[in-house]
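Data first, discussion second: the structure below is written as structure tokens.
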Amino acid sequence: MKLLLAFIILIFSASCMAHPLEADSLLGDDDCTEITASFQLDECVSKELVSSNSLLANELEKFEQRAKNVYAADQELAKKFINTVRAAQEAWLIFRDRSCKIEAFEVEPETPAYVTTINSCVIRMNSERGEELKYLLR
């Protein structure tokens with residue numbers, strides 16, 4: 001699976017390099033809809049990672065607000081539940097980061113492809129976790 005992902009990134013990167021670079025993309029154009037070089041893919045995935053982490057944090061905040069509303073009659077129970085979910089979230093973050101290292105295992109460490117593979121994995125797993133948090137207490 002990891003080798004396949006690395007191969008896909010390599011093929012995608014090679015096909016992107018086959019397209020001529022436009023002046024806008026060399027000047028740091030933020031448009032990620034038309035990627036023509038592997039460095040653009042790396043930059044776009046990095047930007048998406050920031051957004052993904054923010055969305056996950058927002059989903060956790062929304063969960064905490066729902067918990068406070070559901071347990072409005074017993075705020076101690078709400079705090080206990082929220083703290084339990086926070087502890088689970090901390091453990092999940094460790095699981096996510098280690099899982100993504102496994103996914104990128106066959107990619108040369110410290111290379112842009114490695115970083116992009118890790119970041120793509122984190123984005124995917126953040127999305128899945130965000131969906132899980134959305135449905136807690138609904």
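The values are calculated or read from the model by the stated rules, or taken from the named source; none is laboratory data. Since this is a predicted model, take the numbers as computed values, not measurements. No Cβ is skipped: glycine too gets one built from the backbone with ideal geometry, and neighbour counts run over all protein chains shown. Please note that ligands, DNA and RNA were not included when accessible areas were found on the heavy atoms of the full protein model with its side chains. Shrake-Rupley method; radii C 1.70, N 1.55, O 1.52, S 1.80 Å.
Before moving on, here are some points about what is shown:
- Additional length obtainable on full extension of the chain from Leu136 to Phe105, 0.36 nm per residue less Cα span: 7.9 nm
- Using a Förster distance of 25 Å, the FRET efficiency for Phe95-Val70 (Cβ separation, nearest 0.05): 0.45
- Surface calculation, 1.4 Å probe, protein heavy atoms: Ile102 sits at approximately 100 Å² accessible.
- For a straight C-alpha distance cut-off of 27 angstrom, the lysines reachable from Lys68 (same-chain residues fewer than eight places away being disregarded) are Lys79, Lys80, Lys134.
- Phi-based couplings in Hz for region 81-92 (Karplus 6.51, -1.76, 1.60; Gly and Pro marked x): 5, 4, 5, 5, 5, 4, 5, 5, 5, 4, 5, 5
- Neighbour cut-off at most 15 other Cβ (10 Å), DSSP loop, chymotrypsin sites (Phe, Trp or Tyr not before Pro), region 52-138: Phe105, Tyr135
- Accessible carbon and sulfur surface of region 51-138 relative to its total accessible area, %, 1.4 Å: 56
- Table column - 3J(HN,Hα) (Hz), region 64-79, Karplus curve with 6.51, -1.76, 1.60, x for Gly and Pro: 4, 5, 4, 4, 4, 6, 5, 9, 4, 6, 9, 5, 5, 5, 4, 4
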